[in-house]
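The values are calculated or read from the model by the stated rules, or taken from the named source; none is laboratory data. Since the model is a prediction, treat every value here as computed from it, not as a measurement. No Cβ is skipped: glycine too gets one built from the backbone with ideal geometry, and neighbour counts run over all protein chains shown. Side chains included, ligands, DNA and RNA excluded: accessible areas come from the protein's heavy atoms. Shrake-Rupley method; radii C 1.70, N 1.55, O 1.52, S 1.80 Å.
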Amino acid sequence: MEIGFYGAAQTVTGSLFVITLNSSHSKKKILIDSGLFQDGGIIKHNQLPGDLKPEEIEAVLLTHAHLDHTGRLPILVANPSKTKRFAGEIFATAPTQDLTQIVLNDCSFLMEEEVERRKKKYGEDIKPLYTEEHVARIMRRFTQPVEYNKPVDIIPGVVRATYFNAGHILGASSIRLEIDDGRAKVITFSGDIGNDGKPFIDDPVFPQTSDFVVEECTYGDRNHKPIDLSTAEFYSIIRETFNRSGNVFIPAFAIERTQEILYFIKQGIKSNEIPKDTKVFLDSPMAIEATSVFNRYPEFYSQKAQELIRSGYSLFDFETLQFSRTPADSKAINEVKGGAIIIAGSGMCNGGRILHHMKHNLGREECSFIFLNYAPPGSLPRQIVEKKFRAGNGTEYIRIYGFDIPIRAQIHTINGFSAHAGQRKLLEWAEHTENPQKIFLAHGSEKPMQTFAGELKARGFNVEMPEQNQTFRI
Ligand SMILES: [Zn+2]
């Protein structure tokens, strides 16, 4: 068989791996994830590779719902010709299915915006890669939800998959593939591996013995601070900002990160770490919708969180929380000058309502912005954190919506809330695969990947760092 790397190869987005079987089966390709590249405009960078024909794909196995793992799915069914569309099945856990729908609808909306913007600005005549109609079409290809630790037949007698908890976001999985297309092999895909000690989902489950492994290495070069140090820092930033009569702004991903922040804020209010009357605005329709999915699947929470819920405790809801659904709701937040926390999309600050808050508040020295995500080189958060732009008079500024915005607010980064495992955990995870013939590293930019590869090699592993579109016979 062959394994091909069509995304997340020497980069952190666009996860898409292809297994091509040696069988006489007419449709013999299996995809693991079908994610979007997020470094640049969506439409230009996300065509399917030419040699990947959707009609030849038997099945897609999703590790989790994040856009960089699901965003290219609807392209598989977007061809006007029925015979050139993907007609197989998609396997995923129940939360992944529901969250994927939210993520894909949002992405089709972002593409409409991109089309409009480029028409206006450059007079380009471009089309979105897919629309809501294609999203609805791809959602019909999902099978009954997959459960953790219960093997499912992908191609009976040839391919069997076992999903197990990756500890990354609700329903996120690593996948163990047992394939017998003449030569029996076990390949384990890590998906995104979570950080230990997350507030309401269990730590990642370790893999079993494997012949081949595809492992993520987003944070292959560092370890995170313990989570309680990070929450203490989080509460202290909030208190200090409120003492200056400012607001705290948090750019956040709609899925998991937002719910974690709500959870920690609620804990902070309960334990008097932050004031009881702290106003909290969830300024993201997508995050509001995602939170309702989280409330739907408590069986995917840790035992501890499930017990809390059984005792009548709501993990994410509290009295001073307000949902800002409409643009008018969002605009009204501008009138609240201090004592509030505003959580807004997008986490990468490449669109969404957070940009408006930045435009209005980065120049206010009493306010704080807290960045909690990995910020790839060149991204807006990275530029702000590194204060790359200095005007002649010494003022640092950033360009948003064509305006030069001075950076006077306090800028903070807290990495301990990371949804990804640090180096120590990634190594431990790899060691549980025993003695694989090869570990392919994916989902990492150059420095973390090189560092992690060095650590693995020092422990005797055979490591490969595939390039985009590279395939291997295994
Ligand atoms: Zn992820």
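Table for the structure above
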| read-out | value |
| --- | --- |
| For Gly339, net neighbour charge (Lys/Arg +1, Asp/Glu -1) across residues whose Cβ lies under 14 Å away | +2 |
| Helical mean residue ellipticity (222 nm; -39500 (n - 2.57) per DSSP H run of 4+; nearest 500) of the chain | -8500 deg cm²/dmol |
| Neighbourhood charge, 10 Å Cβ-Cβ cut-off, centred on His420 and excluding it, Lys, Arg +1 and Asp, Glu -1 | -1 |
| Cα convex hull of region 162-218, projected area averaged across orientations, nm² | 4.1 |
| Within straight-line cross-link reach of Lys276, aspartates and glutamates at Cα separation under 17 Å, skipping those fewer than 8 residues along the same chain | Glu240, Asp317, Glu319 |
| Cα radius of gyration and Dmax for region 183-251 (Å) | 18.9, 66 |
| Dipole axis of the chain (+1 Lys, Arg; -1 Asp, Glu on Cβ), positive-most option in Met111, Phe91, Asn195 | Met111 |
| Dipole of the chain, positive end: most advanced residue of Phe452, Ser302, Pro436 [Cβ charges, Cα centre] | Phe452 |
| Region 310-463: C-alpha gyration tensor shape, a/c 1.5 cut-off, then a/b vs b/c | oblate |
| Mean Kyte hydropathy of 0.5 or more with a Cα span along the axis of at least 27 Å, helices from DSSP in the chain | none |
| Cross-link partners of Lys53 among lysines (Cα-Cα below 26 Å; sequence separation of 8 or more within a chain) | Lys27, Lys28, Lys29, Lys44, Lys82, Lys84, Lys127, Lys185 |
| Accessible surface, the chain, averaged per residue in Å² (probe 1.4 Å) | 42 |
| Relative contact order computed over region 227-413 (Cα-Cα under 8 Å; 6+ residues apart), in percent | 29 |
| Whole-percent carbon and sulfur share, accessible surface of region 227-413, 1.4 Å | 50 |
| Qualifying aspartates and glutamates (Cα of each under 17 Å from Cα of Lys388; at least 8 residues distant if same chain) | Glu396, Asp404 |
| Contact order normalised by residue count of the chain, Cα under 8 Å, 6+ apart, percent | 19 |
| Sparse-neighbour loop sites [chymotrypsin sites (Phe, Trp or Tyr not before Pro); region 353-451; at most 12 other C-beta within 10 Å; DSSP] | Tyr401 |
| Cα gyration tensor, region 198-290 - rounded (a/c under 1.5), prolate or oblate | prolate |
| Point-charge dipole on Cβ atoms (K/R +1, D/E -1) for the chain, about Cα centre, debye to 20 | 900 |
| Förster-model FRET efficiency, 30 Å R0, Ala332 and Lys119, C-beta, rounded to 0.05 | 0.45 |
| Cα principal axis extents for region 227-413, largest first, Å | 59, 33, 30 |
| Estimated distance in nm for a label pair at Glu428 and Glu446, the labels positioned 7 Å out from Cα along Cα-to-Cβ | 3.2 |
| Gain on full stretching of the segment that runs from Gln267 to Lys457 - 0.36 nm per residue minus C-alpha separation | 64.2 nm |
| Global form of region 145-192, assessed from the alpha-carbon gyration tensor, a/c cut-off 1.5 | oblate |
| Whole-Å semi-axes of the ellipsoid equivalent to the chain (Cα gyration tensor, √5λ, descending) | 37, 25, 22 |
| 11 Å beta-carbon shell around Val103, net charge (K/R +1, D/E -1) | -4 |
| Counting DSSP beta bridges with both ends in the chain, the antiparallel % (nearest 5) | 50 |
| Probe 1.4 Å - accessible area at Lys387, Å² to nearest ten | 80 |
